[in-house]
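Each remark here refers to the structure printed beneath this line.
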Amino acid sequence: PVHLMGEGVAPRPDGTVMVRGDREGHLEILDVPVVVRVDAVELESDEVVRLEGQILGDPDGLTLWLAGSRSSLPVELTVEADRFVGRARLRLSAWGGPELPPVSGPYSLHARSGVESLPTFVSDEVARRMPSAHLLTEYQVRFQLDRRDQFRLSVGPPRRPGELGSFNQRRLQRSHNTGAKPRDAVFFESFFGRNATCN
């Protein structure tokens, strides 16, 4: 139980107090009118992530999106009373081009009501089932949490278990290089072979 003491702290209009914990064992009291809680996450298909949850409070024009450092994935929402179902398409078209897989990296779930940012977090049941990995044809997605129990979707290359880790990578390089003969080809190397970039 959390007891609020002092004049500067008060419960929400419905009498509840929103409290969440982080990985370091700290409690945080959320002094915001609206909170988005994710109660279920699933890969609906190879191209769609489905989120389901509850809206605690009264949002005005709720929008959700998965924000990455170089790209964002919008979440299409269906809201009924205080419940929502959202679907994020993983393949998107940029500037009228073909639909492509998402840019590799982590994507955190964000919410907004009008111009105000809202906190998002997952239920205890969802937190217990994470992390989980899903290997698809063109990429791998992982459902996981950040340190504030916020949902995070990570996109990476489609590596199978036997391809993960430095040991397996060295093993694959040895098997590939053994007996390999030069081909009639040109090899381009960019930034010491760390990136395939530029033109």
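Structure data summary
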{"item": "P(r) tail fraction, the stretch 45-176 - alpha-carbon pairs more than 27 Å apart, %", "result": "28"}
{"item": "Equivalent ellipsoid dimensions for the stretch 108-186 as semi-axes, Å, which come from the Cα gyration tensor, largest first", "result": "40, 16, 9"}
{"item": "Theoretical FRET efficiency, 1/(1+(r/R0)^6), r = Cβ-Cβ of Ser166 and Val186, R0 35 Å, to 0.05", "result": "0.75"}
{"item": "Whole-Å distance, taken between Cα centres, linking the stretch 113-159 and the stretch 55-99", "result": "14"}
{"item": "Rough spin-label spacing in nm, given labels placed 7 Å along Cα→Cβ, for Val79 and Glu125", "result": "2.3"}
{"item": "Packing rank of 101-109, 58-66, 180-188, 89-97, where each peptide gets the mean count of other beta carbons within 10 Å, highest leading", "result": "101-109, 58-66, 89-97, 180-188"}
{"item": "Chain lengthening between Glu52 and Arg89 when straightened (0.36 nm per residue, less Cα-Cα)", "result": "11.8 nm"}
{"item": "Accessible surface of the stretch 31-138, 1.4 Å probe, proportion on carbon and sulfur as whole %", "result": "49"}
{"item": "Label point distance in nm, Val19-Glu116, each placed 7 Å from Cα along Cα→Cβ", "result": "2.3"}
{"item": "FRET efficiency estimate (nearest 0.05) - Cβ-Cβ, Leu100 to Asn177, R0 30 angstrom", "result": "0.45"}
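The values are calculated or read from the model by the stated rules, or taken from the named source; none is laboratory data. Please read these numbers as outputs of a predicted model, since none were measured by experiment. Here Cβ is always computed from backbone atoms with ideal geometry, including for glycine, and neighbour counts include all displayed protein chains. These accessible areas exclude ligands, DNA and RNA; they are computed on the full protein's heavy atoms, side chains included. Shrake-Rupley method; radii C 1.70, N 1.55, O 1.52, S 1.80 Å.
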